[in-house]
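Here is the structure we will look at.
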Amino acid sequence: SAVISQKPSRDICQRGTSLTIQCQVDSQVTMMFWYRQQPGQSLTLIATANQGSEATYESGFVIDKFPISRPNLTFSTLTVSNMSPEDSSIYLCSVGTGGENTEAFFGQGTRLTVV
Amino acid sequence: GQQVMQIPQYQHVQEGEDFTTYCNSSTTLSNIQWYKQRPGGHPVFLIQLVKSGEVKKQKRLTFQFGEAKKNSSLHITATQTTDVGTYFCAGPDNYGQNFVFGPGTRLSVLP
């Protein structure tokens, strides 16, 4: 199992500003994932954070808007840049691949409101 | 691309009634997982199914994996207010590197 600490748990931000979300895992993991969950919706993968290389972004998400750092095997950050109200959402970090006998573990989530 | 669908989107039941949510994948899955997200919480792993036709039980919850490994169901017997939340199914993506989550079924249980 994995324990993930994510912070902040929530924030209210002014449009045009940026917020950096931190995710700390209690064990070394190869890949970490960042998801966005809009109210009442499912989880949408933003990007995969790889240690020692650039993050891999999903369609519709770009590095300039969501820069990701992965300085080591237990830590990652996601920045939501130049925020607008449309960025209001819950952001979740996760570890665990889709292989057999592996499950996804999630951080507690960051509830972001942009005003 | 790979798609995972779930029905129904919402379900309201009286406490004590049964509940079932269905999950369908556009592709054959090596495994399927179910997660529960309580209101205001994060998704929590419930179970993984791997074998064709597999059935697993957790107390009042029964999980089934279809013979073709493209569909699955979660059945809750005699729901309780503690069952409230959104239930997601998830399968591995085509590369087995991350999960593709279904849209979820939001369950409300009226006392």
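Quick look at the values:
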read-out	value
Distribution of pairwise C-alpha distances over chain B, 5 Å bins, in %	2, 13, 24, 25, 19, 10, 5, 1, 0
Estimated distance in nm for a label pair at A:Thr56 and A:Ser5, the labels positioned 7 Å out from Cα along Cα-to-Cβ	2.9
Rg over Rh [alpha-carbon atoms, Kirkwood Rh] for the protein assembly as shown	0.98
Under Karplus coefficients 6.51, -1.76 and 1.60, residue-wise ³J(HN,Hα) of the stretch B:19-25 in Hz, glycine/proline x	9, 9, 10, 10, 10, 10, 10
Shielding by other protein chains, B:39-51, mean Cβ within 10 Å	4
Extension reserve of the A:Gln14-A:Ile63 stretch, reckoned as 0.36 nm per residue once the Cα distance is removed	15.6 nm
Cleavage-rule hits (GluC sites (Glu not before Pro)) in the stretch B:9-111: DSSP loop, at most 11 neighbouring Cβ within 10 angstrom	B:Glu67
Rel. contact order, % - alpha carbon contacts under 8 angstrom, at least six apart, chain B	37
Candidates per trypsin sites (Lys or Arg not before Pro) in the stretch B:45-111, loop by DSSP, up to 12 other Cβ within 10 Å	B:Lys51, B:Lys59
Low-density loop cleavage sites - trypsin sites (Lys or Arg not before Pro) in the stretch A:32-115, where at most 12 other Cβ are within 10 Å (DSSP)	none
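Throughout, read-outs are computed from the coordinates displayed, never taken from laboratory work. Keep in mind that this is a model prediction, so the values were computed, not measured. Glycine also receives a Cβ, built like all others from the backbone with ideal geometry; neighbour counts cover every protein chain displayed.
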